[in-house]
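First up is the structure itself, then whatever we jot down about it.
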Amino acid sequence: MSRLRFQLEREATGSRARAATFTTLHGPVQTPHFMPVGTQATVKSQTVETLKTIGARILLANTYHLLLRPGPEVFERFGGIHRFMNWDGPVLTDSGGFQIFSLPHARLMNEEGARFQSYVDGTMHLLSPEKSIGMQKAIGSDIMMVLDQCIPSTAEHSEAKAAMELTHRWAKRSLAARGDSPQSMFGIIQGACFHDLRKQSADFLTQLPFDGFAIGGLAVGEGIELRNEFTEATAALMPRDLPRYLMGVGTPLDLLEGVHRGVDMFDCILPLQFAQRGAAFTTHGKLQLRRTVSRFSEEKLDANCDCHTCRNYSRAYLHHLVKADEILGWHLIGFHNLIFYQRLMTEMREAILADRFMDYYRARKPELMLSDQDNPSTPPKRTRTPMSERRMRLGDYEVHVAEAGHANIKQLSSGEIMHSVSDPTEEARQLYIEQPDLARSLRNFSEKPFVIWDVGLGGASNAMAALSCWEALYDQALKEAEEPNLRPLQIVSFEKDLDPLRLTIRNADRFPHIRHKAPARLLADHRWVHASEKFEWQLHEGDFLGLFENTPAPDLIFYDPFSFKVDSPLWSIETFRRILACAKKNPSQTELITYSGSTAVRATLLAAGFHVAAGIGIGPRAETTRAYAQKPSQIQLLGAEWIARWMRSQARTPPGLTPDEVQSFESTLLSHPQFQ
């Protein structure tokens with residue numbers, strides 16, 4: 001029987017989100033809940049009094065650091081961490097496994113435990129399951145964590161399996177070491193990014209008498225989409241009547257996604273780490289107070305917040321403190337960030353209890369994705385917009401400069417950014433040119449042109465990547481022979497709004513790929529032909545759905561429209577069926593590549609009749625998608641593991657289908673030859 005007396009109060013409709021209450025040795029905790037990180041018996045820059053003010057109920061402390069300093073003797077002398085740090089609320093202690101993982105060159109791991117060198121005085125220590133639990137008993141935490149072996153989430157299957165099995169053996173030793181202590185203990189489900197290992201780990205650990213379970217081994221190398229996928233899959237394997245804890249995560253958006261996927265508890269250093277760097281989470285987006293735009297700003301940090309920081313200090317003063325490296329700036333911004341996190345958790349709990357979580361999720365998610373670059377402080381009024389700003393905007397679009405320094409195009413009405421993280425040229429090259437090995441296809445000579453459909457011309461980064469590839473091959477072939485033996489290339493670009501291309505050409509200083517005579521001529525004439533007449537680029541202006549069936553059958557499709565939210569007709573099963581019908585007119589294999597790796601997009605492609613495989617990861621996406629008109633011979637297609645993931649997904653079918661249409665869609669997908 002659990003020591004925490006867990007009570008599940010409500011599960012949200014249409015989501016795995018849930019609200020619950022459990023009771024520790026130092027009082028109750030309501031979930032969902034975020035735990036401020038007090039690694040060394042202190043939450044950096046904050047006092048116990050400010051922590052109580054923000055509504056923090058449970059803190060996290062770390063066994064590894066507290067073992068080295070001040071040591072178990074101090075906690076035994078004070079009777080535990082609560083009296084030592086003057087905190088009367090619950091405390092959860094991490095076992096030290098992650099810290100050992102983060103010091104790979106200063107430790108030795110074996111069955112006994114982890115032997116490592118102290119960063120305090122250089123002495124050697126052995127952190128075994130027994131030593132970790134003994135230290136946590138001395139600390140007197142309300143919830144102890146088992147010692148686990150943490151590895152990168154991107155590890156190979158064999159490495160992940162070995163670490164998981166060691167974690168299981170250590171879990172049993174940790175339970176034995178607890179003895180009759182009234183402290184609760186959580187098991188940690190491992191298995192990296194492998195569904196079979198996650199299931200094995202959950203099956204093993206849930207047979208042991210733990211009081212709750214944590215999802216370990218995420219936020220250590222995998223992308224956001226993969227983290228969300230394995231959070232949802234792992235949470236679904238955990239007992240319904242015990243707390244679920246996602247370790248080391250994350251941003252406010254991560255918390256929203258985690259709750260949506262069934263997680264109850266979170267911890268992360270980000271609210272205070274960001275504050276130390278001058279960044280604040282607000283309802284206007286994430287603000288970077290180091291920016292000069294705040295120097296003269298009399299505005300409060302967050303117009304919708306009434307915390308002590310927002311009531312009493314201007315952005316200008318906070319900017320000054322940050323630039324001067326004053327600790328007060330860290331304290332004030334950190335206080336606000338922790339308030340922001342706790343209010344977010346409270347709002348989610350209230351939405352779950354009122355059974356309106358999905359409405360809250362849909363409304364809140366876009367807000368949590370904003371940044372100060374998209375939402376700067378309101379500038380002083382000017383009689384006219386400076387030329388530099390006018391050059392950066394056109395119609396519904398503007399030039400957006402990413403933190404890494406490269407530029408891309410943002411649609412103002414939707415907030416969507418073309419190539420939101422990666423450099424547009426580099427992303428186009430990796431995703432649409434190197435992945436399908438376009439160069440090999442062009443070297444395979446034929447009089448028949450190789451046809452590319454460029455669906456969503458945008459700023460022309462994808463089409464220009466193909467042009468650059470062809471020109472490089474042509475120039476090389478010209479050096480080797482008087483008449484280059486290279487296959488002709490025809491690109492057909494589809495676009496209904498040419499403002500992104502106009503804006504990119506207008507700002508050619510920020511977009512190196514556009515510095516070629518072809519894009520301007522394409523914009524003027526809707527056609528450009530290379531001097532050799534072996535390369536032709538056509539522009540079909542208008543709605544893709546009304547144009548593509550009168551176009552030569554493609555060999556390769558760059559499928560790069562805006563997302564389903566903005567361009568839903570282009571992601572429908574009917575559209576993909578029409579595209580497939582055109583592709584099958586081509587006697588050669590047709591490949592479609594898209595930036596999306598979502599379960600819903602892949603399911604729709606499959607139901608339309610395409611054969612589907614995972615594509616490379618790019619930018620924030622762990623995977624993209626490749627689809628084929630006929631079954632390819634040397635490509636690993638999605639298989640049983642993906643089907644299992646699809647069966648667990650909240651987005652198994654396109655939205656808006658009737659129950660009969662849902663049944664038909666699922667039956668069509670499951671009977672696809674790819675899975676037989």
Of all residues making up segment 431-446, the number that are assigned to a helix (DSSP H, G or I), closer than 15 Å to G615 by Cα and among the polar types (S, T, N, Q) = 0
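Okay, residues lined up against (1) in the same structural domain as T231 (by TED's automatic domain parsing); (2) in contact (Cβ under 8 Å) with a residue 12 or more places away in the chain; (3) assigned to a loop (DSSP other than H, G, I, E, B):
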residue: S297; (1), (2), (3): no, yes, yes
residue: Y317; (1), (2), (3): no, no, no
residue: G329; (1), (2), (3): no, yes, no
residue: F335; (1), (2), (3): no, yes, no
Could you please give the count of residues in segment 82-103 that are crowded, with 17+ Cβ neighbours inside 10 Å, hydrophobic (A, V, I, L, M, F, W, C) and more than 15 Å from S132 (Cβ to Cβ)?
-> 4
Looking at segment 617-630, which of its residues are modelled with pLDDT of 95 or more and among the basic types (K, R)?
-> R626
Quick check: anything in segment 511-524 within 28 Å of A651 (Cα to Cα) and either of a type outside the set (G, A, S) or in contact with a Cys (Cβ under 6 Å, 6 or more places away or on another chain) (or both)?
-> no
Among the residues of segment 149-168, is there at least one that is closer than 20 Å to M247 by Cα, without any contact (Cβ under 8 Å) to a residue 60 or more places away in the chain and part of a loop (DSSP other than H, G, I, E, B)?
-> yes
Is it the case that segment 142-160 has a residue that's small (G, A, S), over 23 Å from F213 (Cβ atoms) and modelled with pLDDT of 95 or more?
-> no
Are any of the residues in segment 515-527 in a strand (DSSP E or B) and either out of contact with any Ser or Thr (no Cβ under 8 Å at 6 or more places or on another chain) or polar (S, T, N, Q) (or both)?
-> yes
For segment 563-600 the number of residues that are more than 29 Å from the chain's Cα centre (by Cα), part of a loop (DSSP other than H, G, I, E, B) and in contact (Cβ under 8 Å) with a residue 12 or more places away in the chain is 6
The one condition in (1) part of a helix (DSSP H, G or I); (2) out of contact with any strand residue (DSSP E or B) (no Cβ under 6 Å at 6 or more places or on another chain); (3) at pLDDT 95 or above that Q99 fails to fulfil | (3)
Would you mind telling me which numbered condition in (1) surrounded by 14 or more Cβ atoms within 10 Å (Cβ to Cβ); (2) charged (D, E, K, R); (3) modelled with pLDDT under 95; (4) part of a helix (DSSP H, G or I) E549 fails?
-> (1)
Only one of these is more than 28 Å from the chain's Cα centre (by Cα), outside the structural domain of L253 (by TED's automatic domain parsing) and of a type in the set (V, I, T): T625, T653, T668. Name it.
-> T668
Could you check how many residues of segment 601-613 are in contact with a strand residue (DSSP E or B) (Cβ under 7 Å, 6 or more places away or on another chain) and without any contact (Cβ under 8 Å) to a residue 60 or more places away in the chain?
-> 5
In segment 19-36, residue nearest to Q183 (Cα to Cα) [restricted to those that are assigned to a strand (DSSP E or B) and out of contact with any Pro (no Cβ under 8 Å at 6 or more places or on another chain)] = T23
Is one or more of the residues making up segment 304-318 in contact with a Phe, Trp or Tyr (Cβ under 7 Å, 6 or more places away or on another chain) and surrounded by 18 or more Cβ atoms within 10 Å (Cβ to Cβ)?
-> yes
Out of F230, F213, sole residue that is crowded, with 19+ Cβ neighbours inside 10 Å and closer than 23 Å to S141 by Cβ = F213
Do the conditions hold for E471, that is, is it assigned by TED's automatic domain parsing to the domain that holds L547, among the charged types (D, E, K, R) and either touching a residue at least 40 places away in the same chain (Cβ under 8 Å) or not in a loop (DSSP other than H, G, I, E, B) (or both)?
-> yes
A280 being more than 26 Å from the chain's Cα centre (by Cα), among the small types (G, A, S) and either assigned to a loop (DSSP other than H, G, I, E, B) or more than 30 Å from Q650 (Cβ to Cβ) (or both) | no
K44 vs (1) at pLDDT below 95; (2) part of a loop (DSSP other than H, G, I, E, B); (3) under 32 Å from the mean Cα position of the chain (by Cα): all pass except (1)
Across segment 140-160, what is the total count of residues that are farther than 29 Å from R83 by Cα and in contact with a helix residue (DSSP H, G or I) (Cβ under 6 Å, 6 or more places away or on another chain)?
-> 4
E225 versus (1) surrounded by fewer than 21 Cβ atoms within 10 Å (Cβ to Cβ); (2) in contact with a Gly (Cβ under 7 Å, 6 or more places away or on another chain); (3) modelled with pLDDT of 95 or more: which is the lone unmet condition?
-> (3)
Considering only segment 646-676, how many residues are at positive phi and either assigned to a helix (DSSP H, G or I) or touching a residue at least 24 places away in the same chain (Cβ under 8 Å) (or both)?
-> 0
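Results for (1) farther than 27 Å from D567 by Cα; (2) modelled with pLDDT of 95 or more; (3) more than 33 Å from the chain's Cα centre (by Cα); (4) among the basic types (K, R), shown as yes or no for each residue.
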site: A477; (1), (2), (3), (4): yes, no, yes, no
site: E482; (1), (2), (3), (4): yes, no, yes, no
site: D497; (1), (2), (3), (4): no, no, no, no
site: A518; (1), (2), (3), (4): yes, no, yes, no
site: D525; (1), (2), (3), (4): no, no, yes, no
site: E536; (1), (2), (3), (4): yes, yes, yes, no
site: H540; (1), (2), (3), (4): no, yes, yes, no
Can you tell me which residues in segment 337-360 are in a loop (DSSP other than H, G, I, E, B), among the acidic types (D, E) and free of Cβ contacts under 8 Å to residues at least 12 places away in the same chain?
-> none
Restricting attention to segment 449-465, which residues are touching a residue at least 60 places away in the same chain (Cβ under 8 Å), within 30 Å of the chain's Cα centre (by Cα) and either outside the structural domain of W528 (by TED's automatic domain parsing) or farther than 14 Å from K496 by Cα (or both)?
-> W453, N462, A463
When only residues in segment 400-430 that are at pLDDT 80 or above and assigned to a loop (DSSP other than H, G, I, E, B) count, which is surrounded by the fewest Cβ atoms within 10 Å (Cβ to Cβ)?
-> S413
Options Q288, Q342; residue that is surrounded by 15 or more Cβ atoms within 10 Å (Cβ to Cβ), modelled with pLDDT of 95 or more and not assigned by TED's automatic domain parsing to the domain that holds V29 = Q342
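The values are calculated or read from the model by the stated rules, or taken from the named source; none is laboratory data. These figures come from a predicted structure and were not determined experimentally. Cβ coordinates were reconstructed from backbone atoms using ideal geometry, including for glycine residues, and neighbour counts include every protein chain displayed.
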